[in-house]
Amino acid sequence: MDLKNKPKELLELNPYGKVPVLVDGDAIIYESNIINEYLEEKYRDVPLMPKGPEQRARVRIWMDYCNSRLHAAAHEVLHGTDPEKTEKAKEQLRGLLTSLEPEMAGHEYIAGDYSLADITFIPFFTRQQRYQVAIDERLPHVKRWMERLLARTAVRSTL
Ligand SMILES: N[C@@H](CCC(=O)N[C@@H](CS)C(=O)NCC(=O)O)C(=O)O
């Protein structure tokens with residue numbers, strides 16, 4: 001879809017005029033985290049949320065961290081027009097990734113078992129080179145986590 005020249009169908013489906021939008025029968029769902037939760041609830045044979053309320057809250061905290069903080073800074077790095085703000089966003093991005101290091105030490109996934117929390121970070125990791133913030137040996141646990149996620153069969157099939 002050409003997002004610079006949005007078809008009117010997009011605005012009919014999503015008043016925010018953004019992708020993704022999921023149309024599933026009569027259901028029209030937008031906002032990527034809400035789409036992910038909808039799919040998780042609908043397809044119960046693939047559980048991607050823990051059972052306990054506290055663990056579910058942890059998953060949602062990381063989903064929110066990714067969407068409202070990491071993606072916001074990444075968006076500024078890619079689309080910002082003020083060099084000073086762009087530099088600040090790069091710093092912010094480094095800080096946000098560095099904060100994940102202790103979270104990932106000794107863990108395969110960010111919130112217990114593989115969950116929607118991990119899945120929320122995958123689009124960021126697939127595009128991380130564009131954001132000019134290296135995820136290398138200075139962020140060893142985040143790097144291993146990223147590699148683990150990108151190596152998953154379901155992820156590889158989308159790349
Ligand atoms: N919070 C939304 C953000 C979606 C979003 O920003 N999508 C971008 C493409 S990745 C878009 O549609 N941009 C067009 C625009 O903002 O006009 C979500 O998570 O679904």
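Observations, loosely collected:
- Derived scalar couplings ³J(HN,Hα) [the stretch 4-9; Karplus, 6.51 cos²θ - 1.76 cosθ + 1.60; whole Hz; x for Gly, Pro]: 7, 9, 6, x, 5, 4
- Derived scalar couplings between HN and Hα for the stretch 65-76 equal 4, 5, 6, 8, 10, 4, 5, 5, 5, 5, 4, 5 Hz in order, rounded to whole Hz, by the Karplus curve 6.51 cos²θ - 1.76 cosθ + 1.60 (θ = phi - 60°), x for Gly and Pro.
- Annotation: for a label point projected 7 angstrom from Cα along Cα→Cβ of residue 114, residues of the stretch 136-159 with backbone N closer than 19 Å are 142-159.
- Karplus (6.51, -1.76, 1.60) ³J(HN,Hα), θ = phi - 60°, over the stretch 81-89, in Hz, Gly and Pro reported as x: 10, 9, x, 5, 5, 5, 4, 5, 5
- Each of residue 105 and residue 9 was given a label point 7 Å from its Cα along the Cα-to-Cβ line. The distance between the two points is 5.1 nm.
- Annotation: the residues 107, 71, sorted from fewest to most other C-beta atoms within 10 Å of their own C-beta, follow the order 107, 71.
- Given their separation in residues at 0.36 nm each and the Cα-Cα distance between them, residue 127 and residue 28 gain 33.0 nm when the chain is fully extended.
- Each principal axis of the stretch 53-156 carries a Cα extent, and these read 40, 28, 25 Å when sorted largest first.
- For the chain, a Gaussian network of Cα nodes joined below 10 Å ranks 74, 134, 27 by mean-square fluctuation, and the top entry is 27.
- Computed [θ] at 222 nm, deg cm²/dmol, the chain (DSSP H ≥ 4; -39,500 (n - 2.57); rounded to nearest 500): -16500 deg cm²/dmol
FYI, it's all coordinate maths here, none of it is from the lab. No experiment lies behind these values; they were computed from the predicted model shown. Positions of Cβ are generated from backbone atoms using ideal geometry, with glycine treated the same way; all protein chains shown enter the neighbour counts.
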